[in-house]
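**Q** Sharing a structure with you now.
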Amino acid sequence: MNINKYAEVLRGNLKLNGLELYEAIVQNREIGDKCELHNFDISLKQGKTISEKWQCSNCGTVVDYREKRMYELGLNHGRTK
Ligand SMILES: [Zn+2]
């Protein structure tokens, strides 16, 4: 798994200033774009809201609950139609 600074911020292991946080979020997206198949099975922050965060065990990218749900729905729909 790639080292993802955004995930470390969410775990409370890393503090970043505003620009550094922006760069970490961009890095997070770039990591996710290269993944062949996400598997969002690592919960970083619970809540069933936009604040809930999940990490892909394949690539390390982090998404919120809505992104995870839409990705998984898309996979399911793609498999059945
Ligand atoms: Zn992934």
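The values are calculated or read from the model by the stated rules, or taken from the named source; none is laboratory data. In this text, all values refer to a predicted model and were calculated from it rather than measured experimentally. Backbone-built Cβ (ideal geometry, glycine too); neighbour counts: all protein chains shown. Keep in mind that these areas ignore ligands, DNA and RNA; they rest on the heavy atoms of the full protein, side chains included. Shrake-Rupley method; radii C 1.70, N 1.55, O 1.52, S 1.80 Å.
**Q** Hey, what D do you get for the range 5-80 in µm²/s if you plug the Kirkwood alpha-carbon radius into Stokes-Einstein at 20 °C and 1.002 mPa s?
**A** My calculation gives 166 µm²/s for D.
**Q** Taking amide H positions as placed in the peptide plane 1.01 Å from N, state which residues far from LEU14 in sequence (5 or more) or on other chains have amide H under 5 Å from it.
**A** Close amide H contacts, sequence-distant or interchain: VAL9.
**Q** Counting only the heavy atoms of the protein chains, how much of THR49 is accessible to a 1.4 Å probe, in Å² to the nearest 10?
**A** 70
**Q** Starting from the range 42-79, pick out the trypsin sites (Lys or Arg not before Pro) whose DSSP state is loop and whose Cβ has at most 16 other Cβ atoms within 10 Å.
**A** Passing sites in the range 42-79 are LYS48.
**Q** What's the angle, to the nearest 10 degrees (0 to 90), between helix 65-80's Cα axis and the longest principal axis of the chain?
**A** 30
**Q** Please go through the range 1-43 and write out the trypsin sites (Lys or Arg not before Pro) that DSSP classes as loop and that have at most 12 other C-beta atoms within 10 Å.
**A** LYS15, LYS34
**Q** Would you mind checking the tilt of helix 18-33 against the longest principal axis of the Cα atoms of the chain, expressed as 0 to 90 degrees and rounded to 10?
**A** Value to nearest ten degrees: 30.
**Q** For the chain, what is the calculated [θ] at 222 nm in deg cm²/dmol (nearest 500), taking -39500 (n - 2.57) for each run of four or more DSSP H residues and dividing by its residue count?
**A** -15500 deg cm²/dmol
**Q** Follow-up. If amide H atoms are built 1.01 Å from N in the plane of the peptide, which residues on other chains or at least 5 residues away come under 5 Å of the amide H of ASN39?
**A** HN-HN under 5 Å from ASN39: SER57, ASN58, CYS59.
**Q** Still on this structure, please answer the following. For the chain, what relative contact order do you get, as a whole percent, if you take Cα pairs closer than 8 Å and at least 6 residues apart?
**A** Computed over the chain, the figure is 27 percent.
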